[in-house]
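Okay, so here's the structure we're looking at.
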Amino acid sequence: ELPPTADQPDNLGSLEANLESRRVKLGRIHERGIDPYPARFERNCTATEAITRFVAAETANRLGSADPVVLAGRITSMRVMGRAAFLDLRDASGTVQAMLRQNVLGDDYSLLPDLDIGDFLGVSGNMMRTRTGQPTVEATTITILAKGMRPLPEKWHGLRDVETRYRQRYLDLIANPEIADTFVQRSRVISGIRRFLDDRGFVEVDTPILVPIPAGAHARPFITHHNALDMQLYLRIATELYLKRLIVGGLDKVYEIGRVFRNEGIDQDHNPEFTLLESYEAYADYNNVMEMVESLVSTLAIDLHGSPRVPYGEGFIDFTPPWQRLSLPEEIHRRCGVDIDQYPDAESLIGKAAEMGLDPAPREARGRLIDKMLSVYVEPHLVQPSFLIDYPEDMSPLAKGRPDKPGYVERFEAFAAGMEIANAYTELNDPGVQRARFAEQEHLRAAYGDDEADRTDEDFLTALEYGMPPTGGLGIGIDRLVMLLTGQATIRDVLLFPQMRALSSDADDDHDSR
């Protein structure tokens, strides 16, 4: 049985009693003329810095000349012993103990009964060691910085209810401070990506999030309406077509890191909004992009772990280049015995997919059926970093065809730990062929009911008609990459605020508002 969380105590009465107690204490603080929510407080160090400086001064025998510390944090424990009290104060860097004495603080010591675990407190004073040897701030002043009006999650067990952790991430971070490490590492990954691409001469750009045509990927879009323009718009499903417009315009190396939105299901490696890196490099092809991906990911692994070998689950994932290159049709044949070249159209492949128990729709596109075989039979085996190449044209409407292998394109997807982390190709730059590919996608939408098929973007086709040089393009799902580099098994653990199903009361409120 899970321990009670902050808003789910053993019984409602205990919560109400706690809330009322805090309201009474807040009132007493106001009566003393104290603002329990001041606008500012100037620190001169963090908790960890205070301890580090004290130990350094102690080692150098310079304690007498050490400056007083001024620090602040959330109260995470209180031990009151008559005329003295010990408080643990935690900030983003760590925890430090503060000692409060009545004979030092005077009247301010009488504030102690109105403090609770969870309040923010500022203290100033000199560092010292207690009888047990613990570095401690001997407070000469205290300042209430924020009175907490709700109790924190249960002290000894922390917050364990998964739903509450994701819905109220702030409680998760309070109760399980180690969780913050994952998001600090995520920030380092994104900074590392920017540094890597900037050093290679790429220019970071921003493209529209609200778009008139949701193109550039196989996905259902979110729809919205612009009131002033009285037009239907969509949240972007990719940044690809805008970035390729910039290649047309003469920016030879561009990239964007930003949110994209796809109206799809939620599972351990899918969230309807996610962070995507897309980059485009003129005069490069998908072989050049493969080498760049290997170098980028191994560099990030070394930055985080000091090695390209990253702990994951019970083993390791080794991102050391070069990664293995595998042919998609050969892997499908090896894993499930199907030679996709023997099934050149959707009708013939539907029958085979039905025999295999893949539950195809009565009319389902060939590319989608091949993707199902890939997901079910091949992806789970791609634990170590791998590039799958030789993708059928049916699956890749924006990729350049292979001149040596009709029906296939110059595309790869990168996999590790059984999931896709990157998608790239030599970009299709022939406007006539691209128009025909878009027309085929529209046919799939009409004939097969494929609402995720790509859409025709006339302005993009116009841009291509002005000429786009040979280009290598890349997309990396940053959330999944962070999962791999931090050893997380679900995408929700690398998103601070993952999308969640509405609580029943929220759903009712939303219905009423409509």
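The values are calculated or read from the model by the stated rules, or taken from the named source; none is laboratory data. For clarity, every value in this text was computed on a predicted model and none was experimentally measured. Neighbour counts are summed over all protein chains in view; Cβ atoms, including those assigned to glycine, are modelled from backbone coordinates with ideal geometry. Remember, those area values only see protein heavy atoms, side chains included, never the ligands or the DNA or RNA. Shrake-Rupley method; radii C 1.70, N 1.55, O 1.52, S 1.80 Å.
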Estimated vicinal HN-Hα couplings, Hz - the stretch 132-148 in sequence order (Karplus 6.51, -1.76, 1.60; Gly, Pro = x): 8, x, 8, x, 8, 8, 8, 5, 9, 9, 10, 9, 6, 10, 6, 7, x
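Only bridges with both residues in the chain count here: give the DSSP antiparallel percent, nearest 5. Present the calculation step by step, with values, prior to reporting the outcome.
Values: 78 of 87 bridges.
Restricted to the chain, the bridges split so that about 90 percent are antiparallel.
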Fraction of accessible area attributable to carbon and sulfur, the stretch 334-396 (%, probe 1.4 Å): 47
Listed peptides 462-472, 34-44 by packing density, highest first (mean Cβ within 10 Å): 462-472, 34-44
Net charge, Asp303 excluded, C-beta distance under 12 Å - Lys, Arg +1, Asp, Glu -1: +2
Radius 10 Å from Cβ of Ala361, net charge of other residues (Lys, Arg +1; Asp, Glu -1): -1
R0 of 25 Å, Cβ-Cβ distance Ala436-Val205: FRET efficiency to nearest 0.05: 0.30
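What 222 nm value per residue comes from the helices of the chain, counting each DSSP H run with n ≥ 4 as -39,500 (n - 2.57) and dividing by all residues, nearest 500 deg cm²/dmol?
Numbers: 15 runs with 172 residues, N = 514.
-10500 deg cm²/dmol, from helical runs alone.
What does the net charge come to around Lys405 if you take all other residues with beta carbon closer than 13 Å to its beta carbon, with K and R at +1 and D and E at -1? Before the final figure, lay out each step's value.
Details: positive: Lys400, Arg402, Arg411; negative: Glu330, Asp341, Asp390, Glu393, Asp404, Glu410.
With Lys, Arg at +1 and Asp, Glu at -1, the net is -3.
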Given [x] 1.07; [y] 0.96; [z] 1.00, the label whose value is Rg/Rh (Cα atoms, Kirkwood Rh) derived from this model: [x]
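Based on Cβ point charges of +1 for Lys and Arg and -1 for Asp and Glu, what charge dipole magnitude is obtained for the stretch 149-239 about its Cα centre, in debye rounded to the nearest 20?
Numbers: 13 positive and 11 negative charges, 35 e Å.
That gives a dipole near 160 debye.
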Accessible surface, the chain, averaged per residue in Å² (probe 1.4 Å): 48
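Determine the gain in length on full extension of the stretch Arg501-Glu314; use 0.36 nm per residue of separation and subtract their C-alpha separation, reporting nm with one decimal.
Computed gain between Arg501 and Glu314 is 64.2 nm.
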